[in-house]
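Below is one structure, written out as structure tokens; comments come after it.
Derivation of every value follows stated rules applied to the coordinates shown; laboratory data play no part. Here the structure is a predicted model, which means the values were calculated and not measured. No Cβ is skipped: glycine too gets one built from the backbone with ideal geometry, and neighbour counts run over all protein chains shown.
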Amino acid sequence: MLSVCNVYPAADLALTSTALTASGHSANWLPSTRQTRQSLGTDWLGVYVRSDYDYLTNMFSGIRPLNDTSIMRLEPESN
């Protein structure tokens, strides 16, 4: 099993799909290489998100790191 990873910085959330493709951040796992045919076994997608939360009040000090992970199977094509 081959594991590849695309990493997107926060600024990429504002990009159009064309600009995101041109940025090169999707180069490790290109959409054209993702397996979505049910008969061949579909690929899986793992998402890891990390963010730092800065408290707005002085009740708590510092920054709290927030992170979460999700793993899901790509939706298979109908054919």
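Laid out as a table, the results:
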item	result
For residue 45, distant residues with modelled amide H under 5 Å away	72, 73, 74
Within region 43-70, backbone nitrogen closer than 13 Å to the virtual label 7 Å beyond the Cα of residue 14 toward Cβ	none
MRE, 222 nm, helices only [DSSP H, n ≥ 4, -39500 (n - 2.57), over the chain, to nearest 500]	-2000 deg cm²/dmol
Kirkwood hydrodynamic radius (C-alpha pairs) into Stokes-Einstein, the chain, 25 °C and 0.890 mPa s, D in µm²/s	158
Contour excess over end-to-end distance, with Cα ends at residue 42 and residue 69 and 0.36 nm allotted per residue	7.7 nm
Residue-by-residue Karplus 3J(HN,Hα) for region 21-33, coefficients 6.51, -1.76, 1.60, Hz, glycine and proline x	4, 5, 5, x, 6, 9, 5, 6, 9, 5, x, 5, 9
